[in-house]
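Trainee: One structure follows; several queries about it will come next.
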Amino acid sequence: MVAIDFGRARRVSLPWVFARVPVWQGVGGMPPTLLVLAGIVSVQIGAALATELFAATGPAGAVSLRLFFSGGVLLVLWRSSLRIERRALPVVLGYGAVLSLMNLSFYEAIDRIPLGMAVTIEFLGPLAVALAGSRRWVDPVWAVLAGGGVLLLTRSAGHVPWTGVLFALGAAVGWALYILLGARLGEKTSGGGGLALGMAFGGVLMAPVGIAGAGTALLHPGVLAAGFGVAMLSSVVPYSVELEALRRIPPRVFGVLMSLEPAVAAVAGLTVLSQAMNLPQWAGIACVVAASAGATRTGRVEP
């Protein structure tokens, strides 16, 4: 199911990581569709807030703070399940390395190109995983639609930095690897200890890069507060609300709803960061959303 469901693709660890984490009081009374949308909005606001950190820390520094705080919160939450078998260690370390590189590539991308464009291109990662090895006649249609959408995204009245597009493609590759390693992590570990250790290892890997780029700016109280906010908005909040949604709607419906993420990212970029996009670019986002929703909706049902 990981290879089909885009919503669970990005946060493939949801069912076994947060099974014992209490959801905030009052969340259980919200409709599941609103919970999914709340998680999507939270992620994109977190990404928009991260761009505000770039002036002080640069993309690497922002990634370092996000992984540091996310790893710290998860280590506290899962301190009782941090012991893992030796055979699982390579998977945990690989997971952390991919996590750090994926986030670094994404943050480098949104430092150069609009948020909506970066998220849409990054979405090609889970789409490729969903379509890989499929023999259904309709799947090439979704692939062509997504490819056309990305081409439309590059049509801008101004200059589109191709380095930003390449970083977004790197994030897409990282997202695909994250899905595959996340599934392996779920097989090799129990509880959330594997995720917590992987996140913490990713933070350790990024620390020298972040320190080299930002220096003592990482210790400024305002920067630390913003970094903690990014970690909460990009990880803790969406994990919690999406878990509650997954308890009440089928994963396939959840995946279709998650396909709205590129469009929400574009709206967040417009409203929060004043990143305007032209009509062809909006059409490109619509193509990728339609392709991901179609591939999810028509995907083979896994046992």
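Trainee: Distance between the C-alpha centers of the stretch 104-135 and the stretch 213-284? Whole Å please.
Mentor: 14 Å
Trainee: Taking a virtual spin label 7 Å from the Cα of residue 247 along the C-beta vector, which residues in the stretch 191-227 bring their backbone nitrogen under 19 Å of it?
Mentor: Within reach of a label on residue 247: 191-192.
Trainee: Shifting gears a bit: Please state the equivalent ellipsoid semi-axes for the stretch 34-180: what are the square roots of 5 times the Cα gyration tensor eigenvalues, largest first, in whole Å?
Mentor: Result for the stretch 34-180: semi-axes of 28, 22, 14 Å.
Trainee: Still on this structure, please answer the following. Is there a quick way to get the dipole size of the stretch 142-253? I mean about its Cα centre, with the Cβ of Lys and Arg at +1 and of Asp and Glu at -1; what is the value in debye to the nearest 20?
Mentor: 220 debye
Trainee: Right, something else. For the stretch 224-284, list log₁₀ I(q)/I(0) at each q in 0.12, 0.16, 0.29 Å⁻¹, using the Debye formula over Cα point scatterers of equal strength and ignoring solvent, two decimals each.
Mentor: -0.44, -0.73, -1.12
Trainee: I need 288, 76, 98, 237 ordered by Cβ neighbour count within 10 Å, fewest first.
Mentor: 76, 237, 98, 288
Trainee: Same structure again: Evaluate the distance, in nm, between pseudo-label points positioned 7 Å from the Cα of residue 79 and of residue 154 along their respective Cα→Cβ axes.
Mentor: Simple spin-label model gives 5.0 nm for this pair.
Trainee: With 10 angstrom as the radius, rank 220, 159 by how many other C-beta atoms surround their C-beta, starting from the fewest.
Mentor: Ranked by crowding around the Cβ, least crowded first: 159, 220.
Read-outs: derived from the displayed coordinates by stated rules, not from any lab. Since the model is a prediction, treat every value here as computed from it, not as a measurement. For neighbour counting, all protein chains shown are included, and Cβ atoms are generated from backbone atoms with ideal geometry for every residue, glycine included.
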